[in-house]
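**Student:** Sharing a structure below in structure tokens format, with a few things to ask.
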Amino acid sequence: MAGLITMDDLTNEQILSILDDAERLLPVARGEIYLPLLQGRILGNLFFEPSTRTRMSFETAMKRLGGDVVNLGDVKTSSVVKGETLFDTIQMVDGYTDIIAMRHPRQGAAQYAQDSARVPILNGGDGAGHHPTQTMLDLFTIKQAHGRLDGLKVVLAGDLRYGRTVHSLSHALVRFGCELIFASPNLLRMPEEIVSDLRSHGADVTETEDLYGSMADADVIYMTRIQKERFADEDEYARCAGAYKLHARDLSEVKQDMIVMHPLPRVDEIDPSVDTTRHARYFEQAFNGVVARMALLCSLLGVSVPAKIEGGAL
Ligand code: NCD
């Protein structure tokens, strides 16, 4: 069964339909309504890299829908330390579960797993590659704030080289006709192959080092962490660390309805003074991981979300 490895696995119509499902599932995600659509189904959580939000929100999503979760747990206490290959681990978990959420430090690992799995794989991040389930919650958050996805001006800032969230998100935003500004230190620019691919699809993309000068007419500013763990050279990291730090005082000239997003964890890219401004949206964004992943789990397991959820917001 097909999983979600990159955003190319979903059409724009499928994306919008999953976002609609997510909207209707909000009261279920908040625990106001119990809707056991996934009763009897088991999710396997295979996280070979640290994770808080992605792993926990998948688990919450599954449990709020009446399903169950089995976890690989800490890699250090699994058979991986005995030398088990990814291929063998997948063969096992494939038999134990109905769907797998997976994160791995190697780019391409999720596709590799999908090629040998019977159940759908949800890519929860493969090295510096892709992070499509994060993109779905990002799109949900943007649509919630602006009522639409098309034609927005979005600034993506920070580590665009190694940041997988911005790789997946920029592909999706271009498909909805957004204008993108890539703001990063020169060393951390968006990979050339991604920029040229986006441009070949007619994207309006600007690259700059000047984050602050790009914010005035933006609808979204999407900050990212410098991905320390992916640098081969520590000195290189030291030269980029702390490149951008957004303070509340930097936001005085921005559009009233501009939202600041961040996939989290933040290190020092967003000063806590931003948290209490009308623009901060990163904690809601993290909560939206639950609804977005609920809707994805239903979609990939072939379970339809009811058009009307009793007592819901519809
Ligand atoms: C991101 C990731 O793992 O790529 N985290 C997340 O899933 N929310 C961002 C990051 O680690 O910087």
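The values are calculated or read from the model by the stated rules, or taken from the named source; none is laboratory data. Remember, predicted model here, so these are calculated numbers, not experimental data. Note: ideal-geometry Cβ built from the backbone for every residue, glycine included; neighbour counts use all protein chains shown. We work out accessible area using only protein heavy atoms, side chains counted, and drop any ligands, DNA or RNA first. Shrake-Rupley method; radii C 1.70, N 1.55, O 1.52, S 1.80 Å.
**Student:** Condition (residue is under 24 Å from the mean Cα position of the chain (by Cα), within 14 Å of the ligand (Cβ to nearest atom), among the β-branched types (Val, Ile, Thr) and within 16 Å of Asp138 (Cβ to Cβ)) applied to the stretch 257-266: is it met by at least one residue? Even if it seems obvious, please write down each step before you answer.
**Tutor:** Just the residues of the stretch 257-266 that are under 24 Å from the mean Cα position of the chain (by Cα), to begin with: 257-266.
From the residues that got through so far, the ones that are within 14 Å of the ligand (Cβ to nearest atom) too are 261-266.
Checking which are among the β-branched types (Val, Ile, Thr) leaves us with none.
Scanning the stretch 257-266 turns up no residue that is under 24 Å from the mean Cα position of the chain (by Cα), within 14 Å of the ligand (Cβ to nearest atom), among the β-branched types (Val, Ile, Thr) and within 16 Å of Asp138 (Cβ to Cβ).
**Student:** Cβ-Cβ below 9 Å, separation at least six or inter-chain, first residue in the stretch 209-224 and in the same structural domain as Pro185 (by TED's automatic domain parsing), second open to solvent by 10 Å² or more (accessible area, probe 1.4 Å) and among the polar types (S, T, N, Q): which pairs?
**Tutor:** That search, which allows pairs on different chains as well, returns Glu209/Asn186; Ser214/Thr206; Ser214/Thr208; Ile221/Ser214; Tyr222/Thr165; Thr224/Thr165.
Residues checked against (1) within 11 Å of the ligand (Cβ to nearest atom); (2) modelled with pLDDT of 95 or more; (3) closer than 23 Å to Leu43 by Cα:
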site	(1), (2), (3)
Gly158	yes, yes, no
Tyr162	yes, yes, no
Thr165	yes, yes, yes
Gly177	no, yes, no
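**Student:** Another question, if that's okay. Looking at Gly108, Gly73, Gly66, Gly83 in this structure, which one is within 16 Å of the ligand (Cβ to nearest atom) and surrounded by fewer than 16 Cβ atoms within 10 Å (Cβ to Cβ)? Show your work before the answer.
**Tutor:** Numbers: Gly73 fails: within 16 Å of the ligand (Cβ to nearest atom); Gly66 fails: within 16 Å of the ligand (Cβ to nearest atom); Gly83 fails: within 16 Å of the ligand (Cβ to nearest atom).
Matching residue, one of Gly108, Gly73, Gly66, Gly83: Gly108.
**Student:** Another question, if that's okay. Evaluate the stretch 3-24: report whether one residue or more is in contact with a Cys (Cβ under 8 Å, 6 or more places away or on another chain), in contact (Cβ under 8 Å) with a residue 60 or more places away in the chain, part of a loop (DSSP other than H, G, I, E, B) and open to solvent by less than 30 Å² (accessible area, probe 1.4 Å). Walk me through how you get there before you give the answer.
**Tutor:** Taking the stretch 3-24 and keeping what is in contact with a Cys (Cβ under 8 Å, 6 or more places away or on another chain), we get 21.
After this cut, where a residue has to be in contact (Cβ under 8 Å) with a residue 60 or more places away in the chain as well, the list is 21.
Filter once more, so that each one left must be part of a loop (DSSP other than H, G, I, E, B): none.
No; the residues of the stretch 3-24 include none that is in contact with a Cys (Cβ under 8 Å, 6 or more places away or on another chain), in contact (Cβ under 8 Å) with a residue 60 or more places away in the chain, part of a loop (DSSP other than H, G, I, E, B) and open to solvent by less than 30 Å² (accessible area, probe 1.4 Å).
**Student:** Another question, then. Which of (1) in contact (Cβ under 8 Å) with a residue 40 or more places away in the chain; (2) within 16 Å of the ligand (Cβ to nearest atom) does Met190 not meet, given it meets every other one?
**Tutor:** (1)
**Student:** Okay, next question. Within the stretch 198-224, which residues are of a type in the set (Ser, Thr, Tyr) and within 16 Å of Val174 (Cβ to Cβ)? Even if it seems obvious, please write down each step before you answer.
**Tutor:** From the stretch 198-224, those of a type in the set (Ser, Thr, Tyr) are 200, 206, 208, 212, 214, 222, 224; that's our starting set.
Once the filter is applied, which keeps residues that are of a type in the set (Ser, Thr, Tyr) and within 16 Å of Val174 (Cβ to Cβ), the stretch 198-224 yields Ser200, Thr206, Tyr222.
**Student:** Residue under question is Gly177, and the condition is that it be outside the structural domain of Met190 (by TED's automatic domain parsing) and in contact (Cβ under 8 Å) with a residue 12 or more places away in the chain; does it hold? Steps first, please.
**Tutor:** On the way: outside the structural domain of Met190 (by TED's automatic domain parsing): no; in contact (Cβ under 8 Å) with a residue 12 or more places away in the chain: yes.
Judged against the criteria, Gly177 is not a match.
**Student:** Being surrounded by 13 or more Cβ atoms within 10 Å (Cβ to Cβ) and more than 16 Å from the ligand (Cβ to nearest atom) is the filter here; which residues of the stretch 93-105 pass it?
**Tutor:** Val93, Asp94, Thr97, Asp98, Ile99, Ile100
**Student:** Further question: In the stretch 44-63, how many residues are assigned to a helix (DSSP H, G or I), surrounded by fewer than 17 Cβ atoms within 10 Å (Cβ to Cβ) and under 18 Å from the mean Cα position of the chain (by Cα)?
**Tutor:** Matching residues across the stretch 44-63 total 1.
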